[in-house]
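Q: First the structure, which I've put down as C-alpha cells, then a few questions once you've had a look.
The values are calculated or read from the model by the stated rules, or taken from the named source; none is laboratory data. Everything quoted here is computed from the prediction, not taken from an experiment. Cβ placement follows ideal geometry from the backbone for every residue including glycine, while neighbour counts extend to all protein chains displayed.
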Amino acid sequence: MRGGGAVLLLLGQVALLAAAVAVRWPGYVEAREDKRAAADTLRSLWLNQGEKGPHSAGHLGTVAVRPQPPLSLLVPGIEAYTGQWVRLVTHTQNEPARRPAEDRGPGRRFGEMSAFFVLAYLTPLVVFAFGSDVVARESSGGTLALLLAQGVTPARLLAGKILGVTALFLPQGLFPFALAALLPAWAPEFSGAGQQRLVLIGLAFAAYLATLVLLAIGVSGFARSAGAALVALLALWFAGALVAPRVAASVAEAVDRAPSSFAFRRAYDQGLGDAYVMGYGGANSFTRVFEKVQAELMREHGVSRPQDLPVNAFGYALEETEEMGQRSYDASFGSLADAFERQARWQRLAAWLSPAAALRNLSEALAETDHAAHLRFVRDAEGYRRGMMKTLNMELAARPDPSFDIRARRGAPLVSGRELWEKVPAFAATRPSTRRLLAGHVQEACALGLWLAASLVFAGLGLRSACARVQ
Amino acid sequence: MKRPGDGDVAWRSLRNELRFEGRRLMASGGRRFVLAVALAMAAFSAWAGTDWRRFQGGALDDFAAEAARLHRAYLADAAKAIAERWPSDLSSPLHPVSSYWKRVHVAEPPAPGASLAVGQSDLMPYYAVFNGVEDQVLQFAAEIQNPSHLALGRLDLAFWAAILLPMLMVALAYDLVAEERDAGRLPLLGLSGVGLRRLFLARVLYRAGALAVLSLIGIASVMLARDGSLQPGGITSFALAALLVGLHLLLWAALAFWVASLGGSSSFGALLLAGFWVASAFVVPGLLQTAAELRHPTPSRNREAIDLLRGEATADSRRDAALAALRVERPELNTPGDPARQAAVKIEWYPGFLAYQRSVSRDGQALARSFREPILDQERLIDRWRFLSPSLSVSRALRSLAGAAYEDRARFVADLEDFRARRREAYLGKLFRNEVVTPADVEALPSFTARPAVPDVARALADAAWLAGVSGLLMLLGWRAFRA
C-alpha cells in the first residue's frame, strides 16, 4: 500500500485512537464522580444513622464501592465483568455485585472499544497491511536484486526496512506517551503513579509494535507474494489475538473447573453448618453458641452467675459467630480463588504463544483492571467488614447487661450513636505500588522480550531468504 | 454464436475443473492447513458449547436434587407438626412466616439448541434460590465465572460461525484469480470452454463447500459424541442454524468472487476482504452497540446501592406505611382469624414485615425494570440494524436459537419476579388471618413454570433471506464486472 491510501489509513488509525479515548472519557468521568459521590453518601448514611443497637447497625451495614481505576479509561480490562460494590453486613460475606456487563447487551463481548483495543488488536492489522509487501514486492518486482547488486548488505537492508516501517507507526507508538504527558493536566489522578504506569504501558506497547513490524518483515521475506504474506500475517493475528486466549480459557475451565454458583453457596452453607455442629454440639443455633461463650467467660472471670460477668457475653458470642462465618467463607472463597488462579496460569502461558496476550496481561495489571485487582478489592472490602463488625461487637461486649436472657430474647436496650459509628473509618481501597503490580507479571515481560528478540532473528532470516531467492 | 453441444462440453469441462480443484486444494500446503484449522476450530467450538451445556446441566441436576430434598424435608416436618400438634409459633413449619421463609428453588433448563451459543447465560442467572427474608439478596444471583474468561467471550459455535469462519473463507479465496494470473495460467483456462466467470464462481463455491463439509463433520461428530442434543426439540434450531451458517459462508464466497472480479492483485484481494471482515466482525457491531447505549442509557448502579441502603434504614416507617397501604388496598385481609391465636402472636409485626417485603420487592422490580427496559430497547435497536453486519446478524440469530440472548435471560428474571410476587400474595391472607399453613396449602402454592425458549423461525428466515439476497447480489455484481 502506497501514497494517499497509506496516509489516509494511518490518519484513520490515529483518529480512531483519539476517538476511542474521547468516546470513553465521559463514561469514565461519570463513573469516577458517581462512585466518589456514592462513597460520600454511604459514609454520611453510616455516620447519621441515628441511635440504635450496634448489632442492628451491623445488620444494616454499609456498601463498599470500588474506586474507578484511572487507567480504565484506556485499558478497561475485566472491569465490566466484576462487581463494582459489595454490601457489607454482619454474619455473612457477600460477593461483589452489579457487574456492568449485566447491564449491557451481548454486543460488548465482541470487543470493548478502547485505546487498548485499537492499539493491541486493530494496529496489528494495519502494520500487517503495510508490512506484508515490504520485502515481497521488492523481491518479485526485481528491486531487491538491484539493491543487492549495488552492494547494500542484508543487515543494512533490514535496518532500513525496520526504520522505514517503524517510522510509519510512530504516531501509534508515541500515543501512550503523549497521553502520559497530556492527561495529568486534565485529571490529577493521571499524574504520579498513573503517569509512571502509562509510560510503562507505552514501553510494553512499543515492544509489541516492534515485534509486529519485525514479524511482518520476516513473513514478507519468506513469502512468495505480498498477498500470501498478508494472509499468513492475518492468520498469525487471528491465532494470537482471537483464538489462543479463548482456547486457553476453555481448556483452563475444562481442566480446573470452578464450582457452579449453587454448589459454591451450598458448600459455604454446609461449611458454616458444620462449624456449628462441630463446635456447639450439633445445634445450628445462636443460643448454643451464646451459652458456650458465656460459660467460658464465666470461667475466665471466675464468676458463678452470668449476671456477675463484667462483660457482655452477647457481644463475644456475636464475634464468635462472625469468626465461624469467616473461617467457612475463607475456606470456600479460598478454594474458588485458587481455581481461578490455576486458570490464570493458562492465560499466562498464552503469553508465550501470543504477544497480544502478554501485552494484555501486563497492561491490565498496570491499569489495575485485571483479576488480581478485583481480588484485592474483595479482600479490602472483607477486611474492612471484619474490622467494622469487630468494632461493633466489642462495643457490645464492653457493656455488661445483667438482664440479658438469650432464651427469652430479652435484654436491656443497648444503643450507640455517632461516637461509635465514627470509630469505624471510611472504606479505603489499597493502592499497590507499581513495582508490586509488575512483580506478578515477570513472565509476561519476559515473553514480550523473547517475542521481540525472536522476531528480530526471524526478520533477518526472512530477508536473507528473499535475498537468496533473487541472487 | 452458440453451437449444438457447447453446453455439454462446458459442463464436462466444468466437472473436470472441479475434480481438479479438489486435488489442487489438497496439494497446497497453505490451503490444507486452512481446511485442517476449519475442522479443528469447528470441533473445538462445538466442544466448548457442549461443555458449557453439560456444566449447566450438572448445576441444574444438583439444584433440582437439593430442591426436592428440602421440599420433602419440609413436608415431613409439617406432617410431624400436625401429628404432634405443635404450637403454631415461629418454630413450627406450619406457621405462615416459617413456611414463607422456606427456600424456593426456581430454574430454567437450557433450550434444546443451547450448545449453539453460550450467549449471556454465563453472565445472567438461569436459576435462583429465594425466600421471604433474602428477598433482595438472591434476586440476581448469577453463575460464578472467571471474569477474565467472561471478558474474552467464548469460542462457541456462534463465535466460530460469525467471526472465525469468514476469515477462513478469506484465506481460501483471497487470490482466486490473482494466483492463476501470476502463474500465467489464465490464457490456458480461457481455452477450457467453461468460461472464466463460470469457472471461478464454481471454484469459490467449491472451496466454500469444502469448508462447510469439513466444519459440519467436526461439529456433528462432537455434538453426537458429547451432547446427543439432536433431540426432537433441537432439530429445528440446529436446522435453522445450519441454514444460516451455510448462507453466511455463501455470502463470504460471493464477496470473494466479487472482489476477484475487480481484477486486483492477491494483496489487494486479501486487504479488501480483511477490511470487510474487520468491519463486519468488530467495527459495525461496536459502533451499533455504542450508539444503542448512548440512545438508551441505563441508570447508575451506585445510586441503586444508596437507595437500597436508605430503604432499609427507614424500614420501620416504611413497614408501617406499607401495612397501612395494604389494609386499604386489600380490605378483606382485615378480617382476623382465631382471636385466641391472634392474641398469642404479634399480629401486626408479621403482616407488617410481609407488607414491607412486598413494598421493597415492588421497588426492586421497578428498579430492575429501569435497567432491563433500556437494555431491551438497546437490543431492539441493534436488532433493527443488524443487517449492516453479517457477523452480527448471524451471531444474534444463533444466540436467539440457543435461547441464550439477553431477551431470554431478561424473560427469566421477569418471570421470576412475577412468580415471587404471586407467591407472596398467596401468603398474605394466611398471615392476616393468622391461619396455619398445611402441606396441602404448600402443594397448592403458585409454582414456577419456565417458559421455554422457542426458536424464532420467522426471524431466522428473515436473516437467511437477507444473507441469500446479498449473496445473490454480490455474485451478480461479480458476474457482470468480472475482469480477469
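Q: Could you list all residues from the stretch A:140-154 that are part of a helix (DSSP H, G or I) and touching a residue at least 40 places away in the same chain (Cβ under 8 Å)?
A: Within the stretch A:140-154, A:SER140, A:LEU144, A:ALA145, A:LEU148, A:PRO154 qualify.
Q: Could you run through the stretch A:365-382 and say how many residues are within 10 Å of A:GLU79 (Cα to Cα) and either among the hydrophobic types (A, V, I, L, M, F, W, C) or assigned to a helix (DSSP H, G or I) (or both)?
A: Selection size over the stretch A:365-382: 3.
Q: Ok, one more. Just give me the residues in the stretch B:232-242 being over 16 Å from B:PHE159 (Cα atoms) and either of a type outside the set (Gly, Ala, Ser) or touching a Lys or Arg at 6+ places or on another chain (Cβ under 7 Å) (or both), in sequence order.
A: B:PRO232, B:ILE235, B:THR236, B:LEU240
Q: Counting just the residues of the stretch B:394-408 that are in contact with a Lys or Arg (Cβ under 8 Å, 6 or more places away or on another chain) and within 12 Å of chain A (Cβ to nearest Cβ), which one comes out modelled with the highest pLDDT?
A: B:ARG396
Q: Determine which member of the set B:VAL454, B:VAL436, B:VAL470 is β-branched (Val, Ile, Thr) and part of a helix (DSSP H, G or I).
A: Only one candidate passes the filter, namely B:VAL470.
Q: Given (1) out of contact with any strand residue (DSSP E or B) (no Cβ under 9 Å at 6 or more places or on another chain); (2) at pLDDT 85 or above; (3) of a type in the set (A, V, I, L, M), where does B:ALA59 come up short, assuming only one miss?
A: Result: B:ALA59 passes all but (1).
Results for (1) among the aromatic types (Phe, Trp, Tyr); (2) within 8 Å of another protein chain (Cβ to nearest Cβ); (3) more than 27 Å from A:GLN13 (Cα to Cα); (4) not in a helix (DSSP H, G or I), shown as yes or no for each residue.
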{"site": "A:PHE116", "(1), (2), (3), (4)": "yes, no, no, no"}
{"site": "A:LEU122", "(1), (2), (3), (4)": "no, yes, no, no"}
{"site": "A:VAL126", "(1), (2), (3), (4)": "no, no, no, no"}
{"site": "A:PHE130", "(1), (2), (3), (4)": "yes, no, no, no"}
{"site": "A:GLU138", "(1), (2), (3), (4)": "no, no, no, no"}
{"site": "A:ALA159", "(1), (2), (3), (4)": "no, no, no, no"}
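Q: Considering only helices (runs of 4 or more DSSP H) fully contained in the stretch A:172-273, which possess at least 1 residues that are on the phi < 0 side of the Ramachandran plot, within 14 Å of chain B (Cβ to nearest Cβ) and in contact with a Gly (Cβ under 6 Å, 6 or more places away or on another chain)?
A: Numbers: elements: A:193-222, A:226-237, A:244-255.
Correct list: A:193-222.
Q: So, one more: Please verify whether A:PRO26 is part of a loop (DSSP other than H, G, I, E, B), more than 9 Å from every other protein chain (Cβ to nearest Cβ) and modelled with pLDDT of 85 or more, treating the condition exactly as stated.
A: no
Here's the yes/no breakdown for (1) in contact (Cβ under 8 Å) with a residue 12 or more places away in the chain; (2) more than 9 Å from chain B (Cβ to nearest Cβ):
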site: A:GLY53; (1), (2): yes, yes
site: A:VAL65; (1), (2): yes, no
site: A:GLN68; (1), (2): yes, yes
site: A:SER72; (1), (2): yes, yes
site: A:TYR81; (1), (2): yes, no
site: A:PRO100; (1), (2): yes, no
site: A:ASP103; (1), (2): no, no
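Q: Looking at (1) aromatic (Phe, Trp, Tyr); (2) assigned to a helix (DSSP H, G or I); (3) at pLDDT below 90, find the lone condition where B:PHE387 falls short.
A: Here B:PHE387 meets the rest and fails (3).
Q: Further question: Any residue at all in the stretch B:458-476 that is of a type in the set (Ser, Thr, Tyr) and in contact with a Phe, Trp or Tyr (Cβ under 6 Å, 6 or more places away or on another chain)? Step through it out loud before you land on a result.
A: At the first step, the residues of the stretch B:458-476 found to be of a type in the set (Ser, Thr, Tyr) are B:471.
Pick out the ones that are also in contact with a Phe, Trp or Tyr (Cβ under 6 Å, 6 or more places away or on another chain) and you get none.
No - not one qualifying residue is present in the stretch B:458-476.
Q: Name every residue in the stretch B:277-295 that is over 13 Å from B:VAL394 (Cβ atoms) and more than 10 Å from every other protein chain (Cβ to nearest Cβ), in order of residue number.
A: B:ALA279, B:ALA291, B:ARG295
Q: Only one of these is under 25 Å from the mean Cα position of the chain (by Cα), hydrophobic (A, V, I, L, M, F, W, C), within 7 Å of chain B (Cβ to nearest Cβ) and not in a loop (DSSP other than H, G, I, E, B): A:ALA31, A:ALA38. Name it.
A: Criteria check complete, one pass: A:ALA38.
Q: Within the stretch A:351-361, can one find any residue that is under 30 Å from A:GLU319 (Cα atoms) and in contact (Cβ under 8 Å) with a residue 40 or more places away in the chain? So that I can check it myself, show each step before the final result.
A: Of the stretch A:351-361, the ones under 30 Å from A:GLU319 (Cα atoms) are none.
Scanning the stretch A:351-361 turns up no residue that is under 30 Å from A:GLU319 (Cα atoms) and in contact (Cβ under 8 Å) with a residue 40 or more places away in the chain.
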